[in-house]
Each structure stands twice: as C-alpha cells, then as structure tokens.
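Student: After the structure tokens below, expect a handful of questions from me.
The values are calculated or read from the model by the stated rules, or taken from the named source; none is laboratory data. Note that this is a predicted model, so its numbers are computed, not measured. As a convention, Cβ positions derive from the backbone with ideal geometry for all residues, glycine included, and neighbour counts pool all protein chains shown.
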Amino acid sequence: MTTDRSATAAGTSRDWRTFEPVPLTPILAGALEAFYEHGYHGTTVRDIARRVGVTVPALYYHHPSKEALFVTLLLLGTDDVADRAEAAVADADDAVQALSNLTEVVVLHMTTRHKLAALDLEARYLGQESRARYAAPRRRIDALVDRVVADGVESGQFHPTDVHEAARALLGMWQSIARWFRDDGTLSGEEIAARYVPLSLATVGHGG
C-alpha cells in the first residue's frame, strides 16, 4: 500500500471518531438553523438577525454579508472533516481498513453534524471567490478518496472498473446522507456508518 502514513502521522493523535459540539457564536448558530430550514436563497439577513436578537447593522459588524456567514459555516464543517479523514486513513494498516475508516468518519460527520454537512448542497450558489475557498478542503477529501481506492487496486484488494469513477460514487453515496438523515430517525450515526462500510467496500469491488 502506498499511503504515506508519515505524511499524516500528526493526525493519528486525534480521536477522529469523537465529534465534539462545534463552537458557534450565537450569530453563526442562528444562521445555521436558518440555512438548514430555508436554504441559502430562502434565508435573509433580517431573519438571521431576528433569530439572534440583534439588529441587521450589528450582524453586519461581525459578518459582512450573508455569503460570508454561509462560507464561515461551510468551512467549519469541511475543514474539520478533511482533517479527520486524513487522521482516519493514517490510522489504517491497509487499503481495506483505510476505506473502512474513511467511510466511518465521513458518515459520522454527515450524521453527527448533518446541519453543517447539508450546507454542501447549497454551495453551488456561492460566488467565485467563496467557491475557491471552499474548494480547497474539498480537494483534500477528493484526493484522499482517490488515493485510498488507487492503493487498494495496487495491493490487489479492490477491483473497481475505474478508480476515479469509484471514488466519485463513494463521495456521492456518503454526501447523500445529509439529504435524509434526521436526529429523530431510527438509526444512530454509528449504526449508519456500520452499514455503509460494506457498501463502500462493495463499490470498489472488494469481497465480491
């Protein structure tokens, strides 16, 4: 396996399975609820200010625009899951364990922090500069998935038709969880992660 464990060794010191509450200011917490309930276009700065109990000028003092608020929240979630994903892969001894860990950590993010994760579905509305900022942590995750699948092919553990297509399929499958997961659902995040690990391994042709 060609995954460079030393390159991400610093990440192994963190507990990538434990998702602490994200520290949000009252304004960010109010904005997250508004974006989750109404989407990016359906949310107004006035609505966020009303939820928080501040004036619109006071809100603008801390965040210059609705887009700035949205990007701040988007990056809080994506930067963190990118760090955790790298730690999870560094914690594995082979490609099968790497993909299992990677699936687990992304699914836990999608469920434990599903309101933050759901913002990804609205990222297409961002301006060019904001999209570029968001693209950086996304590229880290995309590249990591590609690398893990390629490692599995090299080691003979995975047999996908195409590495990049399999990686895209995995990302799409994981990200779709944010569309349907609810806190009051019948399955916990851990249970969903346990179900998605064999699905991910099947997607890359392992064990079939």
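Student: For the subset of region 176-191 comprising residues that are surrounded by 12 or more Cβ atoms within 10 Å (Cβ to Cβ) and among the acidic types (Asp, Glu), which member is nearest to residue 109 (Cα to Cα)?
Tutor: 190
Okay, residues lined up against (1) more than 20 Å from residue 41 (Cβ to Cβ); (2) within 11 Å of the chain's Cα centre (by Cα):
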{"residue": "93", "(1), (2)": "yes, no"}
{"residue": "109", "(1), (2)": "yes, yes"}
{"residue": "116", "(1), (2)": "no, yes"}
{"residue": "124", "(1), (2)": "no, no"}
{"residue": "127", "(1), (2)": "no, no"}
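Student: Filter region 22-63 down to the residues that are surrounded by fewer than 17 Cβ atoms within 10 Å (Cβ to Cβ), assigned to a loop (DSSP other than H, G, I, E, B) and under 26 Å from the mean Cα position of the chain (by Cα) and list them by number.
Tutor: Correct list: 22, 23, 24, 25, 44.
Student: For region 112-158, how many residues are polar (S, T, N, Q) and either at pLDDT 95 or above or touching a Pro at 6+ places or on another chain (Cβ under 8 Å) (or both)?
Tutor: 2
Student: Right, here's the next one. Looking at region 1-21, which of the residues that are surrounded by 17 or more Cβ atoms within 10 Å (Cβ to Cβ) and either farther than 13 Å from residue 92 by Cα or among the polar types (S, T, N, Q) (or both) is modelled with the lowest pLDDT?
Tutor: Looking at the filtered set, the residue picked out is 8.
Student: Here is a follow-up. What's the total number of residues in region 74-86 that are surrounded by fewer than 21 Cβ atoms within 10 Å (Cβ to Cβ) and touching a Phe, Trp or Tyr at 6+ places or on another chain (Cβ under 7 Å)?
Tutor: Matching residues across region 74-86 total 1.
Student: Another question, then. Just name the residue that is nearest to residue 140 (Cα to Cα) out of those in region 72-84 that are in contact (Cβ under 8 Å) with a residue 60 or more places away in the chain and more than 9 Å from the chain's Cα centre (by Cα).
Tutor: 83
Student: Continuing with this model, one more query. Please report, ordered by residue number, the helices (runs of 4 or more DSSP H) entirely within region 106-208 with at least 2 residues that are without any contact (Cβ under 8 Å) to a residue 24 or more places away in the chain, among the β-branched types (Val, Ile, Thr) and over 26 Å from residue 72 (Cβ atoms).
Tutor: In region 106-208, no matching helices (runs of 4 or more DSSP H) lie anywhere.
Student: What do you reckon, is residue 87 among the aliphatic types (A, V, I, L, M), touching a residue at least 24 places away in the same chain (Cβ under 8 Å), within 30 Å of residue 198 (Cβ to Cβ) and not in a helix (DSSP H, G or I)?
Tutor: no
Student: Residues in region 149-175 that are under 20 Å from the mean Cα position of the chain (by Cα) and either within 27 Å of residue 19 (Cβ to Cβ) or crowded, with 20+ Cβ neighbours inside 10 Å (or both): how many?
Tutor: 11
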